[in-house]
Amino acid sequence: MSAKQFPAPVFNDSELIKNGAYIGGEWLETTGEYFEVHNPASGEVIAKLPEQTDEEIDRAIDAAYETFKTYKNTSPRDRAKWLRNMYNLMMDNLDDLAKIIAWENGKAMSDAIGEIKYAASYFEWYAEEAPRLYGATIQPSNPTNRVITLRQPVGVCGIICPWNFPSAMITRKAAAALATGCTVVIKPDSATPLSALALAHLSEKAGFPKGSWNIIMSHKNTPKLGLRLCESPKVKKITFTGSTYVGKILMQQSSSTLKKLSMELGGNAPLIVFNDADLDKAVEQAIASKFRGLGQTCVCCNRLYVHSSIIDEFADRIAKEVEKFSIGYGLDPKNTHGCLINAKAVAKVELHKNDAIEKGAKVVVAGGLLPDLGPNFYSPVVLSHVPHNALVAKEETFGPLCPIFSFDTLEEVVALANDSEFGLASYVFSKNIDTIYTVAEALESGIVSANTGLFSDCSIPFGGVKESGFGREGSLYGIEDYTVIKTINIGALPPRI
Ligand code: SIN
C-alpha cells in the first residue's frame, strides 16, 4: 500500500506502547514469528508483534486458570477498587489512549476520544456493580427445605475483539468479567492490538493481581488461536464481537466443551423517518449514526427509510451536512473523519454504491475514493430513491455510504425493516408517541433508539436478536453473562418454630 506519509503521534507516556504479549503478569517478547501492524492512513508499519505459539496460548490460559482459583475469592470491594482505578487511569491517559486508537484504527481524534471515554465508563459502571451481585431465596414445595441461589463467576473468559473499537469492545467485556471474579484471556484484532496492550499496562498500575489479565495476539494463526481458546476445557466462556460468519464458527468450536457464549455479531440497522418527525433532529442524528467511525460500527444505520413526502428534502439536507465533513488523517484534530481500516472495507463500499446506482438509485453526493490522501480514504456517498433490491438493503456496508429508501405506510416500513436476518439496532424518528411505541414493539432488533442516532452508553443493555447474536453487554444485565447460578438446597430441617 503506498500513501501519503503522516506524522507519528507523540505520547506523553511512551510506556503505554508495548511490543509483546501479556501473560501471567509478564511481558513476553518472542523472537519467533511476528506480524506487522499498519497505520491504515499511510500503510506504514507501526509495530511488530508476536504470533503466539500454541505453548504461549496455553500458558495464558493456564495463568488465567490458576489465578481464577484465588481471584474468584477476592473481595468485591477490592475488585471494585481495581476497576475504579482503571477508570481513573484511562481518564488520566485519555489523550494518549485516543492517539493510539487513531494511529492503529484510522478514526478521527474526536471519535477516538469519545471511544476512550466510553471504554473507561465500563470500568466505572462495573466498579459500582461488583459489590451488587445478588441471589434469591426461594420457597420450595417441601417445607423442611430451604433454597437459596448464588451468582458465581463462570471462570476463565476468552474475549475475542474486533478492530472497530480497539478499546471499548475489550472494556465492555473485561470489566464485567473481572467484576464478578472471572479472569480473562483477551485476543485483540491483529489490526489494532496496541490499545489492548496499553490497557494491560494500566491494569498492572490499577492493582489487578498477576494472571487476572492476559493478552495474546495473532494475525495469520488467528483461526488456530480461536480454536484453542474454544476447545480448552479450562476456558469456561467465550465472548466475541465480530462477524456473524466467525461467530458461528466459534459457536461450533465451543460445542465440544459446552461453553457459555455471548455473541455480538453483524447488523443491518434500519433508520425510519416518518413525515411528522422533527426534520432538523432527524438529519443531525442520522448523520451521527451513519458516519460514526466513518460508518464502521455494528450499530451505524445501514438503511435509511424516509417517508416519500419528505425524501427529497431529507436527502438534500443530509447532503449539505456531509459536504461540511473534513476527511483526512485521524490524528489531525481539524479532521472530522479519518480513513477506512483496509482495502477490503473500501471495496465493499464501492460494491454497494455501484450496485445501487446500476439498479437505479439517484446520486445525491457522489463521494468516492480519495487517492491523493491514500488508498483507504473514502469520501461519503449519499444515494436516494434506492431500490429495495439493492445489495445494501440486505448487507451491512460498514462504511460511508448513506442509502435512502422511500416508504409510504407504517406497516410497509416495519416489514421492510424486519426483512433482514440481522437484528441489532434500529432507529425511529417521529413526534407521535403512538407511532414510536407501535414501531418499537414491532421491530425485530435488540435495541430501538427513538429520535436519537446515538444511544451507546454503559447503562444500556447492548446486544442483538436473530443473527446479530445473543447476550447483553453493559447495564444491569451485562454482569449476569459472566456468572452461573448456584442453587443451594438445605433439606431435612426441623419444623419452623
Ligand atoms: C460495535 O460496533 O460493535 C459497537 C458499537 C457501540 O458500542 O456503540
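The values are calculated or read from the model by the stated rules, or taken from the named source; none is laboratory data. Small disclaimer: the values here were computed from a predicted structure and weren't measured. Cβ atoms come from the backbone with ideal geometry, glycine included; neighbour counts cover every protein chain shown. With ligands, DNA and RNA removed, areas are computed over all heavy atoms of the protein, side chains included. Shrake-Rupley method; radii C 1.70, N 1.55, O 1.52, S 1.80 Å.
Remarks
- A cut-off of 5 Å between modelled amide H atoms, ignoring neighbours fewer than 5 places along the same chain, links L424 with N268, G446, V465.
- Relative contact order, whole percent, for the stretch 259-367 stands at 22, derived from Cα pairs under 8 Å and 6 or more residues apart.
- Dipole axis of the chain (+1 Lys, Arg; -1 Asp, Glu on Cβ), positive-most option in A343, V414, V37: V37
- Per-peptide average of other Cβ atoms within 10 Å, ordering 164-173, 58-67 highest first: 164-173, 58-67
- Label-to-label distance, L258 versus Y477, with points set 7 angstrom from Cα along the beta-carbon direction: 2.5 nm.
- Anisotropy class of the chain from Cα gyration tensor, a/c 1.5 cut: oblate
- Near S262, the amide H atoms lying under 5 Å from its own belong to I238, T239, F240; only residues 5 or more places off or on other chains count, and H is placed 1.01 Å from N.
- Rounded to the nearest 10 degrees, the inclination of helix 76-92 to the longest alpha-carbon principal axis of the chain is 30 degrees.
- Highest mean packing first, where packing is the average number of other Cβ atoms within 10 Å per residue, the peptides 174-186, 355-367, 194-206 line up as 174-186, 194-206, 355-367.
- Compared with the dominant principal axis of the Cα atoms in the chain, helix 433-442 is inclined by about 60°.
- Annotation for the stretch 380-444 versus the stretch 274-335: alpha-carbon center distance of 14 Å.
- Karplus-derived 3J(HN,Hα) values for the stretch 453-464, using 6.51 cos²θ - 1.76 cosθ + 1.60 with θ = phi - 60°, are x, 10, 10, 4, 6, 4, 7, 9, x, 9, x, x Hz; glycine and proline are entered as x.
- Percent antiparallel among DSSP beta bridges (both partners in the chain, rounded to 5): 45
- In summary, the lysines within cross-link reach of K72, defined as a Cα separation below 24 angstrom excluding same-chain residues under 8 places away, comprise K81, K173, K187, K205, K210, K234, K236, K237, K259, K260, K486.
- Rounded to 0.05, the FRET efficiency of the L94 and R496 pair, given R0 = 45 Å and the Cβ-Cβ distance, is 0.20.
- A straight Cα-to-Cα reach below 13 Å connects K320 with the aspartates and glutamates D280, E284, D312, residues fewer than 8 places away in its own chain not being considered.
- Estimated vicinal HN-Hα couplings, Hz - the stretch 294-299 in sequence order (Karplus 6.51, -1.76, 1.60; Gly, Pro = x): 6, x, 9, 10, 5, 10
- Nearest-ten-degree value, helix 109-129 long axis tilted from longest Cα axis of the chain: 30
- Expressed as a whole percent, the accessible surface of the chain that belongs to carbon and sulfur atoms is 54, based on a 1.4 Å probe.
- FRET efficiency, 1/(1 + (r/R0)^6) with R0 51 Å, evaluated for N432 and L227 via beta carbons: 0.50
- Spin-label proximity, N275 to the stretch 292-332 - amide N less than 16 Å from point 7 Å beyond Cα toward beta carbon: 305-315
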